[in-house]
Amino acid sequence: MSVPFDIGRFIIYPGRKIYGFLVTSKVKPGVLATISSILSKYNVTILYLSFSRFITTPTRKVTAIAFCDFTESTVSPENLVKEVEKLEFIEKIEIIKPRIDGFMSDYKSFPLKIRENRAVIIRDIGYKGLLVGIRKRFGSAAEAFLYYLGFEAGREYGKDHKKMAKELGIEDPAKIYDIISATMFNSVGYGRMETIKFDSKKPYALIRVHHSFECELERGVNKPYSHLVREMIAGVITELLGKEMHAEEIKCIAKGDPYCEFEVIQKTQIKKS
């Protein structure tokens, strides 16, 4: 079972005085409780709070972004910062001022990152234009483009997943895929992936994806729709196994199946028609 999670890069709350804060702090017990008690004292409500991945060396630090409601507050954001800055674990705090009451966005923290890699968030209204719009304009040529784009992206993901696996002491490609590749796919919002079968020797994989971001765009087309995701899967597995793999979508939500399912085989095993 999964629940939606709003990553909260902005908030719209008309009629409220909302301020943002970008905070760098040492990681230690009681930090959040101490800051929360100060906010509560001045009747400041936390509307959103998110932490960046903490830095492990040489000292443990974490960056947090918070959106707070000062509408009924008895303190100004500036005076609140002066008090919070006195806490020994706070290293830096910066106010993100609203450009209009009732709207706050995090325009201070940049770039967005996942580990050492820069990340870009694209909402569904944007990637629908990319994935559906390009198909309407260029037809099968667009599908071929998405096919190769997905494969090359997958290979790059696979390289990164192998680096993560090395840090964790994982060598088995099946475990790397199930523990790292599938969960990373889920965590960035592409869909909910399950590894049904992964045989490194054969080689063969059966991968199931619920709520694929690509195939949800065109429900009712009555044919498998994935070109980008299926070759991302093939690209990752190619990199993990060191053998060129190909993915075929055998079930698809676009044609009415309850989930998308992909068979992944070595490219040399593809039967010629």
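Counting beta carbons within 10 Å around each of Ile265, Ile253, Ile38 and listing the fewest first gives the order Ile38, Ile265, Ile253. In this simple spin-label model, placing a label point 7 Å from the Cα along the Cα-to-Cβ direction at both Phe5 and Lys251 gives a separation of 2.5 nm.
Given the rule -39500 (n - 2.57) for each run of at least 4 DSSP H residues, summed and divided by the residues of the chain, what is its mean residue ellipticity at 222 nm, to the nearest 500 deg cm²/dmol?
-10000 deg cm²/dmol
Here the relative contact order of segment 165-273, from alpha carbon pairs under 8 Å that lie six or more residues apart, stands at 24 percent. Potential lengthening of the chain between Tyr42 and Thr71 amounts to 9.3 nm, from the contour at 0.36 nm per residue minus the alpha-carbon distance. The convex hull built on the alpha-carbon positions of the chain has an orientation-averaged projected area of 18.2 nm². Extension gain for Lys267-Lys92 works out to 57.7 nm (0.36 nm per residue, less the C-alpha to C-alpha distance).
With bins 10 Å wide beginning at 0, the percent of Cα pairs of segment 10-110 falling in each bin runs 15, 50, 29, 6, 0.
Annotation for Lys128 and Glu152: the two label points, set 7 Å from Cα along the Cα-Cβ direction, are 2.8 nm apart. Expressed as a fraction of 2.2 N^0.38 Å, the value expected for a compact globular protein of N residues, the C-alpha radius of gyration of segment 124-269 is 1.01. For the chain, the relative contact order comes to 15 percent (Cα pairs under 8 Å, sequence separation of at least 6). Here is what passes the span test in the chain: the DSSP H helices with alpha carbon length of 18 Å or more along the helix axis and a Kyte-Doolittle mean of 0.5 or above are 228-241.
Of all lysines in the structure, the ones whose alpha carbon falls short of 18 Å from that of Lys28, not counting any fewer than 8 places away in one chain, are Lys61, Lys86, Lys92.
What the Kirkwood sum gives for segment 207-263 is a hydrodynamic radius of 11.3 Å, with every pair of different alpha carbons counted.
Values in this text are rule-based calculations from the coordinates and carry no lab data. The structure presented is a predicted model; accordingly, all values stated were derived computationally and were not measured. All Cβ positions, glycine included, derive from the backbone under ideal geometry; neighbour counts span all protein chains shown.
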